[in-house]
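Below is one structure, written out as structure tokens; comments come after it.
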Amino acid sequence: MIAIRSTSSADLRILLPQVRSLMNRNRGLGYIPVSARGNNGFTKIIQRGNCIVALCDDHLLGYVAWGRMVPLNVHRVYQIVVRPEIRRMGLGTALLARMIATVRSDVVAYVREDLQECGFWERHGFEELLWYNHPTSGNVIRIYHRPWS
Ligand SMILES: CC(C)(COP(=O)(O)OP(=O)(O)OC[C@H]1O[C@@H](n2cnc3c(N)ncnc32)[C@H](O)[C@@H]1OP(=O)(O)O)[C@@H](O)C(=O)NCCC(=O)NCCS
């Protein structure tokens, strides 16, 4: 049975190592701003509930993490990831849908244009707002936007 829910401080001990491990095994994930990270990786994001996780018992299957683009009421997806062996089964869609229902605002995602995952955003009604060259890597980054509706 898969549970999809938001996080709190009580989850730190169980989830933080699993989030780190999943994050480190996936290339192309978005950057987590220092202001959102806390001293310990994902700590602040989990504590604030700015993360939706998919769990089977205590086993992490995937997560989406985000932050608000202050002062705008726009939320930015920092990272979304599902374990490779269970992709294309709808879990990424379920995580994103729960996030959108939680933030109830426009959402943006910064995505490397060479990733196949661009198709995931387009499938969910995100449109390219603009693109830029990442200042250090030189990668082309697409900023996808989905208006709140
Ligand atoms: C992006 C990600 C979270 C999607 O999770 P998922 O559970 O596989 O997504 P879903 O099964 O809900 O996909 C829904 C639809 O999105 C589109 N989609 C999903 N992954 C896609 C891909 N790699 N390429 C093109 N389209 C894709 C498809 O239209 C898909 O529907 P379909 O399977 O019926 O064709 C997952 O591929 C992942 O973890 N990728 C690695 C991490 C990453 O790159 N994250 C995003 C960085 S911006």
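The values are calculated or read from the model by the stated rules, or taken from the named source; none is laboratory data. As the structure is a prediction and not an experimental result, all values here were calculated from the model. Don't worry about glycine lacking a Cβ; one is built from the backbone with ideal geometry, like all the others, and counts go over all protein chains shown.
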Qualifying residue in the range 109-122 (condition: away from the ligand (no atom under 12 Å from the Cβ) and on the phi < 0 side of the Ramachandran plot): no
Filter result (among the hydrophobic types (A, V, I, L, M, F, W, C) and away from the ligand (no atom under 11 Å from the Cβ)) within the range 66-82: W66, M69, V70, L72, V74
Count of residues meeting criterion [closer than 12 Å to Y78 by Cβ and polar (S, T, N, Q)] in the range 1-56: 2
Meets criteria (buried (at least 17 other Cβ atoms within 10 Å of the Cβ), more than 12 Å from the chain's Cα centre (by Cα) and either near the ligand (Cβ under 9 Å from one of its atoms) or assigned to a strand (DSSP E or B) (or both)) for L130: no
Looking only at the range 85-109, and only at residues there that are in contact (Cβ under 8 Å) with a residue 12 or more places away in the chain and among the small types (G, A, S), the one that is surrounded by the most Cβ atoms within 10 Å (Cβ to Cβ): A109
Complete set of residues in the range 113-140 that are touching a Lys or Arg at 6+ places or on another chain (Cβ under 9 Å), within 20 Å of A65 (Cβ to Cβ) and modelled with pLDDT of 95 or more: C118, W121, H124, F126
Residues satisfying the stated conditions in the range 36-68, i.e. closer than 26 Å to N139 by Cα and either without any contact (Cβ under 8 Å) to a residue 24 or more places away in the chain or in contact with a His (Cβ under 8 Å, 6 or more places away or on another chain) (or both): R37, W66, G67, R68
